[in-house]
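Data first, discussion second: the structure below is written as C-alpha cells.
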Ligand code: SF4
Ligand code: SF4
Ligand code: SF4
C-alpha cells in the first residue's frame, strides 16, 4: 500500500467555538505547526512521489495559522494536490483571491444549515460564511478559474437534516458543486440524542445469508412509506438487505484511512493512522462514554514520514486493519471494554477499532 493522502493539522486553534467541537472533549493546549516542521514534511513528501493530496484540516481552523496560505502555496508548487477544510469565516476577499492564485484544488467549507440563523451547536457566523462563499464563486467566474472545486461539509443531526434540500438549492448562489454529508460525533453527552444513526446495524453477520437468516436482494424501489416500513422490519430482524446492489442493512467495517493510503499529522509532527486517533478524547454513543486514546506511530521531527509509513509497526497495523479482526463493540453492549480502545474480547490490544464510527461508514472525511 502506497501513501496517497496526508491530513495535515497545521493548527488546533480556531476562531469559532462550536458546541459540536471535539476540542471540548480534550485537554490539550492549542498548538500551531512551526515552519520548520512543515518544511521537513514537505521535503519528505516531495521525495515520496506517491502523494496525491495534502489536506489542510484536522481539528482546528487552518486559516487561523498565519502561514496557512504560504504552506498551501509551497505544497502546490511542489506538485501536490491541495485541499483546505475551513469553517469559512476567515475566507475574506483577499484570502479567496490568494487561494485561487496559488492553485488550490479543493476548498471544503463546513456549513450545517441553509438558513442564516446561528445555532450554537453548529458551525456559526452563517451570514459571513455565505457571503464569503459567494465571493469565492464571483472571483472564480471573473478569473475564469476552474479551481478550487468547492465542497460543502454538512454535519447531519436530527436538528438540521431537514435543511439539506434547501442547502442544495443554494449551490448556484454559493458556487459549490457537492455536499459531503457526515454524521455528528457526540463529543458532549447532551448531543448524544441528536444523532441519526442510533438504530443502524453496522456489522453484517450473515454476509452471504443463511437458512436461518436468508439475505434479501431487492431491486430499486420508490421510497414510499409502505416500502420503508417493510425495510425497517427486515433490518430490525437482522436480515442482510441489499437494494440495487447497495447494502441497506449495514456494512463490513472498513478503514478508509489505512486501506486507502492515508495518514494524519498533528501540529507537533506526530503521525497517526487516522483523524480519530490523532488526539485522545471522549465521545458518547448509545448511552456510553468512550475514551479514545491517541495512537501515534512516530514523529516527523525524528524520522521521515515515509520511514514511519514503511516501518514494521505501521505495516503490521495496516495488515491488521485489512483483516479487521476486532470485536463488534459498536453493536454490542456486552461489557465495559467498549468504553475504551485499549483491548477487546477477541484478544486485540490497543488500539482496538471495533467501535470506530469512521470504519462503520457513519462519519466521512473529505
Ligand atoms: S470550526 Fe471546527 S475546529 Fe472550529 S470550533 Fe467549530 S468544529 Fe471546532
Ligand atoms: S478503524 Fe477507525 S480508529 Fe482504527 S485506524 Fe481506521 S479510522 Fe482509525
Ligand atoms: S469487547 Fe465487550 S462490548 Fe466489545 S464486542 Fe466484546 S463483549 Fe461486546
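Where a number appears in this text, it was derived from the coordinates with a stated rule and is not lab data. Predicted, not measured: the structure shown is a model, and the values here were computed from it. Cβ coordinates were reconstructed from backbone atoms using ideal geometry, including for glycine residues, and neighbour counts include every protein chain displayed.
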*Mind pulling up the Rg/Rh value for region 222-287? Radius of gyration and Kirkwood radius, both on Cα.*
1.18
*Please give the residues of region 308-334, grouped as numeric ranges, whose backbone N is less than 18 Å from a label point set 7 Å along the Cα-to-Cβ vector of residue 50.*
308-323
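Report, please, the projected area of region 221-366 averaged over directions, based on the convex hull of its C-alpha atoms, in nm². If you can, show how the numbers build up before the last one.
Values: hull surface 42.5 nm².
Over all viewing directions, region 221-366 projects a mean Cα-hull area of 10.6 nm².
In the chain, what percentage of the DSSP-assigned beta bridges are antiparallel, given to the nearest 5? Walk me through the intermediate numbers first.
Numbers: 14 of 45 bridges.
Roughly 30 percent of the DSSP beta bridges within the chain come out antiparallel.
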*Roughly how many nanometres apart are two label points built 7 Å out from the Cα toward the Cβ at residue 24 and residue 335?*
3.3 nm
*asked:* Restricting things to Cα coordinates, could you compute the convex hull volume per residue of region 1-76 in Å³?
replied: 110 Å³
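Contact order normalised by length for the chain, with contacts defined as Cα pairs under 8 Å and 6 or more residues apart; what percent is it? List each step's numbers first, then the result.
Working: 682 pairs, mean separation 64.5, N = 366.
Relative contact order of the chain: 18 percent.
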*So which residue, out of 332, 353, 274, gets the largest mean-square fluctuation from a GNM of the chain using Cα contacts under 10 Å as springs?*
332
*Any idea how far the Cα center of region 226-275 sits from the one of region 1-48, in Å?*
25 Å
*How big is the Cα convex hull of region 276-336 in projection, averaged over all directions, in nm²?*
5.3 nm²
*asked:* Using the Kirkwood radius over C-alpha pairs as Rh, can you work out the diffusion coefficient of the chain via Stokes-Einstein at 10 °C, viscosity 1.306 mPa s, in µm² per second?
replied: 73 µm²/s
*Provide the descending list of Cα extents for region 128-179 along its principal axes, expressed in whole angstroms.*
40, 19, 15
*What's the extension gain from residue 248 to residue 349 if we count 0.36 nm per residue and subtract their Cα-Cα distance?*
33.3 nm
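At R0 = 22 Å, how high is the FRET efficiency between residue 117 and residue 178 if r is their beta carbon distance? Nearest 0.05 is fine. Each step should come with its number before you reach the end.
Values: r = 24 Å, r/R0 = 1.09.
Efficiency computed from Cβ-Cβ geometry: 0.40.
What is the calculated FRET efficiency for residue 17 to residue 134, with r their C-beta to C-beta distance and R₀ = 30 Å, to the nearest 0.05? Spell out each step's value before the answer.
On the way: r = 25 Å, r/R0 = 0.82.
So the FRET efficiency works out to roughly 0.75.
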_Hypothetical label at residue 159: residues of region 94-132 whose amide nitrogen lies under 18 Å (7 Å Cα-Cβ projection)_ = 110-127
*Using a simple spin-label model with points 7 Å from Cα along the Cα→Cβ vector, what separation in nm is obtained for residue 146 and residue 40?*
3.8 nm
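Determine the calculated [θ] at 222 nm for the chain from helices alone, applying -39500 (n - 2.57) to every DSSP H run no shorter than 4 residues and normalising by the residue count; nearest 500 deg cm²/dmol. Numbers along the way, then the final one.
Values: 10 runs with 95 residues, N = 366.
That calculation yields -7500 deg cm²/dmol at 222 nm.
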*List the residues of region 34-54 whose backbone N lies under 19 Å from a point placed 7 Å from the Cα of residue 301 along the Cα-to-Cβ direction.*
34-45
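Quick check: convex hull over the Cα atoms of region 130-257, volume per residue in Å³, rounded to an integer?
Values: hull volume 23.0 nm³, N = 128.
Looking at region 130-257, the number lands at 180 Å³ per residue.
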